[in-house]
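First up is the structure itself, then whatever we jot down about it.
The values are calculated or read from the model by the stated rules, or taken from the named source; none is laboratory data. Being a predicted model, the structure only gives us computed values, none of them experimental. All Cβ positions, glycine included, derive from the backbone under ideal geometry; neighbour counts span all protein chains shown.
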Amino acid sequence: MPASETPDLRGSRHGYFCVGCNIRFVREQSDSCPRCGVASPTDSTVFAMPSLLLKSGPLIDDSDAAPESEILQCLIGQDLHVYSCHSLLGRGGMGWVYLAEHRDLGRKCALKILSPQLVARDREYLEHFWNEGRAAASLSHPHIVTAHAIGEADGLHFLEMEFVRGRSLQDRVDQGPLPPVKATAIICQVAEGLAAAHQAGILHRDLKPDNILLTHRGIAKIGDFGLAKRLGPQTAGSGKETLAGTPQFMAPELFQGVSASPASDVYSLGVCYFLLLTGRLPFPRSSLGELIAAAQHEPFPRVRDHCPQATLEMVECLSRLTDRSPANRPQSGVEAWQLLQAVLGHFRDLETLLHDAFDHVPSVKWMRVQDRFRLDVNLPDGRRQAVYIEESDHRAEQRLLTIFSTCCPMQPSYFERALRLNAHVSHGGIGIRDLDGQSYFVMVDTYPRTTVDTEDIRKSVLEVALHADQIERELTGHDVH
């Protein structure tokens, strides 16, 4: 089922789809959206319409909602066309989704049925529904929910999709932020699915965790192409399309009337990445106007303020995905996917190097500590030394791998002896580094990140540990670091 379908709230009055994030909530429980904080409508008889920002008028009132609920509820246990409807999976802005079975094929499926009253009141929603069917049916990819059929029966418009056992990515985020590597891996999968859509000339236009399913095996699948649009000479850059999407995830240029583009989908991908890393939306505001103003004029929040464990590569990647200027972002899902692959590959490659270098060296134990690695080295004479590995804050092609170990606090009385000792060091050299507000002598070695190998790391770590310990012992007589 498309991940955007939220649990059914039939029987509750005064339901709303938040104009900021499109979550459905009940006014009696809160005057503002529990997810993003945007205030609810003042008219208690109106269901705010999700996704289409220019559709601000009344859509369904309470007198209409009950009969439709009864009509669609009666489908449970009944047949529609070639489908047997077993249970209700959820309800979203455009319709209802059932767990069903294709009787001829014996195949379980998610059957989405467009709200009959949406069709009666505004034929544009029928067009969006068919757009979803056509877009999804034209895409076959492991990270996109597959659409099998679209049609009409007994006056109801339906879309048959693969039934994915799992939950929405938003459901997972509601439990808290994801570990940075896992968040990056999931967003990389989403980017791969988005790349397939962009290569087919299809924009999603409403990418968000609610519209992404996460299977029990951790596979991400993009669903809900209800606002999808094909790019073509007559549409690309026309600037005449309806403003559509979920404001919390929309690129800033869309609020200025610029047409949706692959780069605006990439921005939405970046917001999803930020949400997975931090557990929060970038611009929580109390009104839609404040949200739009913040997205257009305020700097995107620094991810490390909310996720200190994010690596430099993750920070740089997120900054590019969410750049306010579409020209500075990856220009398609393909480029975004390549960028995220590089981040994952970079992270894993360094861990792989450390595994290869020290998994069979019992005297060295290592672990990741925020954005660096700490290696505890047991020396032959029973002493110990901590060595750190971190990467410099340069562009990827200029980045250095720094291996260092603390010797002792810097004191003027040690200078001459430290310089004499430095002359006999065969690997690395003595430097001065500020740590926690205090200056220390450190043993430092550096390598170009792009060319360092397993042997370089193993030799350097052992040499740096040995020399740092030797300097600490000769200068202080202690074994602190």
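Odds and ends about this structure:
- Look at (1) at pLDDT 90 or above; (2) buried (at least 24 other Cβ atoms within 10 Å of the Cβ) and you find that D224 fails only one, number (1).
For every residue, the table says whether it meets (1) crowded, with 20+ Cβ neighbours inside 10 Å; (2) within 23 Å of the chain's Cα centre (by Cα); (3) at pLDDT below 85.
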position	(1), (2), (3)
R320	no, yes, no
P330	yes, yes, no
Q338	no, yes, no
Q385	yes, no, no
Q398	no, no, yes
P409	no, no, no
P412	no, no, yes
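- Assessment of the stretch 367-377 against the conditions (outside the structural domain of E298 (by TED's automatic domain parsing), at pLDDT 95 or above, touching a strand residue (DSSP E or B) at 6+ places or on another chain (Cβ under 7 Å) and not charged (D, E, K, R)) yields at least one matching residue.
- Helices (runs of 4 or more DSSP H) fully within the stretch 243-356 counting 2 or more residues that are over 30 Å from R458 (Cβ atoms) and out of contact with any helix residue (DSSP H, G or I) (no Cβ under 7 Å at 6 or more places or on another chain): 288-297
- Yes/no for G279 being within 30 Å of I389 (Cβ to Cβ) and of a type outside the set (A, V, I, L, M, F, W, C): yes
- Flag if S325 is touching a strand residue (DSSP E or B) at 6+ places or on another chain (Cβ under 7 Å) and surrounded by fewer than 19 Cβ atoms within 10 Å (Cβ to Cβ): no
- Within the set P209, P252, the sole residue that is modelled with pLDDT of 80 or more and surrounded by 24 or more Cβ atoms within 10 Å (Cβ to Cβ) turns out to be P209.
- Selection of the stretch 447-479 for residues being small (G, A, S) and part of a helix (DSSP H, G or I) yields S460, A465, A468.
- Looking across the stretch 329-344, the residues that are closer than 23 Å to D371 by Cβ and polar (S, T, N, Q) come down to Q338, Q341.
- L203 crowded, with 24+ Cβ neighbours inside 10 Å, closer than 30 Å to D305 by Cβ and touching a helix residue (DSSP H, G or I) at 6+ places or on another chain (Cβ under 9 Å): no
Yes/no matrix, rows are residues, columns are (1) under 26 Å from C36 (Cα atoms); (2) of a type outside the set (A, V, I, L, M); (3) in the same structural domain as G201 (by TED's automatic domain parsing):
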site: S268; (1), (2), (3): yes, yes, yes
site: C272; (1), (2), (3): yes, yes, yes
site: L276; (1), (2), (3): yes, no, yes
site: T322; (1), (2), (3): yes, yes, yes
site: P326; (1), (2), (3): yes, yes, yes
site: W337; (1), (2), (3): no, yes, yes
site: L340; (1), (2), (3): no, no, yes
